[in-house]
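For reference, the structure is listed below as structure tokens.
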Amino acid sequence: MSKRRGSSSNTRGTRSRRAASKAREREAAERGFKATLWRWTKRAAIGGVLVAVLAAIGLATAVFFASRSLPSYASLRESQNGQTILVRARDGSQIVELGPSYGQWLDANEIPDVMKQAMISVEDHRFYSHFGVDPMGLARAVYNATIEDRQVSATSTITQQLARNVFLNSNRTLDRKLREAVLAMALEWRFSKEQILELYLNKVYFGGGAYGIDSASRKFFSHSARDLSLEEAAIIAGLVKAPSRYSPTADVEAAVSRANVVVGQMVRYGDLDPAVARQVNVDAVKLSTTEGQNSIRYFTDWALPQLDLLLPNGTFEPIEVWTTLDVGMQRAATTAIQSNVPGQAQGALVSLDRDGAILALVGGTDYVTSNYNRATDAMRQPGSAWKLFVYLAALEAGYTPDDRVQDVPVTINDWSPRNSGGTYAGEIDVRSAFAYSKNTVAAQLGNEVGFSNVASMARRFGITTPISTYPSMVLGTSEVRLIDMVRAFAAVSAGGRSIEPYGIMRVTTADGEELYTHKESRAYTLVPDYVAAGITDLLQTAVATGTGRAAQIGRPVAGKTGTTSSNRDGYFVGFSSGITTGVWMGMDNNDRVPALQGGRAPAQAFAAFMRYAVRDRPVEEFDTDLQLPEWQLEPDDEFYFGEDEDYYFYIDEQGNLVDPSGQQGRYGEGFDVEGEGENVVRDPLDPRGMDVRPGQSPEPAPTRAQPPRRAAPPPAASDDFLERATGQDMPRDDRQQNYRPAPSGIIEQRF
């Protein structure tokens, strides 16, 4: 018993010593890990401090040298100049002169305090406490962007905005932002806060060509900025964020709403007493009336921003811009929209010449009331005008205008389209289905060729907006821009070749030096000729006998109507004599417009404009001669040639059948046809003995060689036949003059 007790005691002691040893090892390991961690932490901290010190030194050096290179305050005050742009029509006449407008320079003590407080409250409420860059604002923006998983929002201070407006551009690049920050700190180093604020308020852009608060005050309120009220100051301060969106001449409600935000910010940061704020009535502000504006501004608003891409950097001198706009057509387009738009609806029109030149562009019924460009910016549903792409895809897949289709109720993936009026015609041809805009037929064609293929066709023809591939897309549920739809129809008018709209022909200096000349864009074949001819056939029928009859102008017109559900959008796009025009009508808020249909007001506006637009152009007939490709034309070989296996023939270099007997049928010269009765002839070259009416031809022969059906060789052809078949019987000079190499030479056909 005592031995067992001793043994047990020894075992427990050994275990205790082992446990203690392991504990000491763990403690030693932990101490070692902590020591290593602390050592690396110290190194990282020291490294970080060194990097920060070096960065601070580098930043201070950059700021120092930037401040040394800044112009003097007097120079910055005197730099109130800008570029004047004289815009000319296609005939050289002056249509508008644009350029920056600067009011009087106001010293800091002349600027009303409410103007200063309003601007600081809404743009940079820590203006007086930061050093040009606001670290707190930047940290908050980064934190919010991280939490909400979005881009860092704008954090530019007033000083940064001044640096950007005076020295830089508005590119959203990291390099530009870093230079902006350095210049902002240099400005703070060089000038006082009051000087910076004075420069900013006299130079910032407020929209409508107005630079500085005095110019903005005179433009919007018809008086000097020295006399600005609190409400007026709030409106002006609210413009900086988005001058075009919050301009009181463009959208009074948006301007008032933004001004109330400014007032709220002034109360929040202690610049305005809440009791005073409650008495503010921005709605009571009287705005100055704007005269001399017209629909041409819709065109210039679209075209002139392209100068930033067309002209070399650093072009600040006065320039003249020669555009594609036709003043007479623009006037006719404006009248057509204003005269035909129903009720309080809006309208837009785009007209392209055959090379893509914009002849007229109207973005709304009145530019003064609303400068929103519905021709180039608005995205609306085109309705049945979208069927252009459905039928293009169907024609490319092998359909022809004369093919028979079924106008019957149909359900595709639980979607059951119906025709306007709820009636169905049964079996009709493709031409009639398009002309009468049969929704069920369009749905079946889209389902057969593939909705993704319809979307691809739309992309091919220049549609840039998102396209749905749900079945209902065939009826125009995807939103598009009017200018894109006109571009697509213009490509059809061009025979299936791509069209690139443009509005600027050339740009010169005031002295006549040429800075830019438009070069014709390379045209690409979008669809084969026979597809373009087929869709033109359908479009012409839609105007001649279908839903677009109101668009008739006394000469060939091809086009398509479009009406969305509940009459929210009305479309008509068509072309005649090389001019393609599209018209849209509807409400900006997407409300229903009673009796609005693409075949009524839009088609009538199209006709009113096009009668003027094509009046001096010759009448042009459409090319609807459908020359189908061989793979569609060629019938089955056995069916065509019958069962006479011993018969063979040749095809000459023009593709005509040549009979080895020395005769040529209606396919060649000198072939005699025996009559059988008064109106029926039989062509010996047709082994079936097919009856051929006068003026008709039997089915064309295939042009590819067929393998022999048996091994026996055909009888040899005579030398005379071979000379005639290959043209060797003609005089040498005639052979050289008329020689055209055949695509595949002389091909022997045997069956």
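The values are calculated or read from the model by the stated rules, or taken from the named source; none is laboratory data. Owing to the predicted nature of the structure, the values given are computational and were not obtained by experimental measurement. Note that we place each Cβ from the backbone using ideal geometry, even for glycine, and neighbour counts take in every protein chain shown. We work out accessible area using only protein heavy atoms, side chains counted, and drop any ligands, DNA or RNA first. Shrake-Rupley method; radii C 1.70, N 1.55, O 1.52, S 1.80 Å.
A few comments on the model shown:
- Among the residues of region 545-555, the ones that are in a loop (DSSP other than H, G, I, E, B) and either closer than 19 Å to Ser432 by Cβ or in contact with a helix residue (DSSP H, G or I) (Cβ under 6 Å, 6 or more places away or on another chain) (or both) come to 6 in all.
- As a summary of the residue check, Tyr612 satisfies the conditions (1) touching a residue at least 12 places away in the same chain (Cβ under 8 Å); (2) more than 27 Å from the chain's Cα centre (by Cα); (3) surrounded by fewer than 20 Cβ atoms within 10 Å (Cβ to Cβ); (4) part of a loop (DSSP other than H, G, I, E, B) except for the one numbered (4).
- So Leu352, is it in contact with a strand residue (DSSP E or B) (Cβ under 6 Å, 6 or more places away or on another chain), closer than 21 Å to Gly476 by Cβ and open to solvent by less than 10 Å² (accessible area, probe 1.4 Å): yes
- Number of positions in region 360-391 that are closer than 16 Å to Val480 by Cβ and not polar (S, T, N, Q): 15
- Within region 455-476, tally of residues that are among the small types (Gly, Ala, Ser), more than 19 Å from Ala378 (Cα to Cα) and open to solvent by less than 60 Å² (accessible area, probe 1.4 Å): 2
- Which numbered condition Thr561 misses (of (1) of a type in the set (Ser, Thr, Tyr); (2) assigned to a helix (DSSP H, G or I); (3) buried (at least 23 other Cβ atoms within 10 Å of the Cβ)): (2)
- Residue among Ser217, Ser247 that is crowded, with 16+ Cβ neighbours inside 10 Å, part of a loop (DSSP other than H, G, I, E, B) and among the hydroxyl-bearing types (Ser, Thr, Tyr): Ser247
- Counting only residues that are buried (at least 19 other Cβ atoms within 10 Å of the Cβ), of a type outside the set (Gly, Ala, Ser) and touching a strand residue (DSSP E or B) at 6+ places or on another chain (Cβ under 8 Å), region 420-433 holds 1 of them.
- Inside region 379-415, residues that are in a loop (DSSP other than H, G, I, E, B), surrounded by fewer than 21 Cβ atoms within 10 Å (Cβ to Cβ) and within 31 Å of the chain's Cα centre (by Cα) make up a count of 6.
- Filtered residues of region 296-341 (kept if among the acidic types (Asp, Glu) and either part of a helix (DSSP H, G or I) or crowded, with 19+ Cβ neighbours inside 10 Å (or both)): Asp301, Asp308, Glu320, Asp326
- Within region 407-424, at least one residue is farther than 22 Å from Pro382 by Cβ and of a type in the set (Asp, Glu).
- Hits in region 231-244 (condition: surrounded by fewer than 24 Cβ atoms within 10 Å (Cβ to Cβ) and more than 25 Å from the chain's Cα centre (by Cα)): Glu231, Val240, Lys241
- Filtered residues of region 250-275 (kept if outside any helix (DSSP H, G or I) and either farther than 28 Å from Gly364 by Cα or in contact with a helix residue (DSSP H, G or I) (Cβ under 7 Å, 6 or more places away or on another chain) (or both)): Tyr269, Gly270, Asp271, Leu272, Asp273
- In this entry, Gly13 is excluded by the filter for residues that are modelled with pLDDT under 70, within 30 Å of Asp301 (Cβ to Cβ) and surrounded by 10 or more Cβ atoms within 10 Å (Cβ to Cβ).
- Selection of first residues in region 133-161 that are modelled with pLDDT of 70 or more and of second residues that are of a type in the set (Phe, Trp, Tyr) and open to solvent by less than 80 Å² (accessible area, probe 1.4 Å), restricted to Cβ pairs under 9 Å at least 6 apart or on distinct chains, gives the following pairs, ordered by first then second residue: Asp134/Phe127; Thr157/Phe127; Ile158/Phe127; Ile158/Tyr200; Thr159/Phe127; Thr159/Tyr200; Gln161/Tyr200.
- Number of positions in region 398-416 that are touching a Gly at 6+ places or on another chain (Cβ under 9 Å) and aliphatic (A, V, I, L, M): 2
- Among (1) part of a loop (DSSP other than H, G, I, E, B); (2) within 23 Å of Thr624 (Cβ to Cβ); (3) touching a helix residue (DSSP H, G or I) at 6+ places or on another chain (Cβ under 6 Å) - the single one Ala375 does not satisfy: (2)
- Within region 89-124, considering residues that are of a type in the set (S, T, N, Q) and over 30 Å from Ala357 (Cβ atoms), the one farthest from the chain's Cα centre (by Cα): Asn109
- The listed residue being surrounded by fewer than 24 Cβ atoms within 10 Å (Cβ to Cβ) and either farther than 19 Å from Ala378 by Cα or free of Cβ contacts under 8 Å to residues at least 12 places away in the same chain (or both), out of Asp588, Asp529: Asp529
- Within region 469-490, the set of residues being within 22 Å of Gly598 (Cα to Cα) and not in a helix (DSSP H, G or I) comprises Gly476, Thr477, Ser478, Glu479, Val480, Arg481.
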